[in-house]
1. With the requirement that a residue be in contact with a helix residue (DSSP H, G or I) (Cβ under 9 Å, 6 or more places away or on another chain), among the charged types (D, E, K, R) and farther than 16 Å from Ile20 by Cβ, what does region 48-67 give you?
2. Mind telling me which of the residues Trp16, Trp57 ends up being touching a Leu at 6+ places or on another chain (Cβ under 8 Å) and either surrounded by 18 or more Cβ atoms within 10 Å (Cβ to Cβ) or at pLDDT 95 or above (or both)?
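The values are calculated or read from the model by the stated rules, or taken from the named source; none is laboratory data. Remember, predicted model here, so these are calculated numbers, not experimental data. Every residue, glycine as well, gets a Cβ built from its backbone with ideal geometry; the counts of neighbours run over all protein chains shown.
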Amino acid sequence: MAGRVFGQSVDEFDAWMRTIDEKNQSVQRAIAEKDAATAASDARTLQDTFKLVEGFWSKRGDAPYAVELARNAQEFAAGAVKSATQKDFEAASSQTIKIAGTCTACHRLYRPL
């Protein structure tokens, strides 16, 4: 089936990328506004979405560094959830900056898909 990579389409992947972009911006705004609930929720969405991205690259089988970056992003998102929940906005901000770094690193190597 054209446009599908092991059960996941490039369109699905693109939707995940849009979600990540939107939520990464939103979580940073929430942190700046010291809105712990929104920041934690957005960071959870990032964590869940990066899990999907990890699965995509794992199934594709030709991008082990992308898999590693997606795993790292999940860990950073989990850290942002924890920090936001504890209202440690400085630590949450640090975690979201690390997420953005994983995005940049991955896009340098694998974009466009």
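1. Kept after step one, since they are in contact with a helix residue (DSSP H, G or I) (Cβ under 9 Å, 6 or more places away or on another chain), are these residues of region 48-67: 48-58, 60, 63-67.
Filter again for among the charged types (D, E, K, R), leaving 48, 51, 54, 60.
Scanning region 48-67 gives a single hit, Arg60.
2. Working: Trp57 fails: touching a Leu at 6+ places or on another chain (Cβ under 8 Å).
The match here is Trp16.
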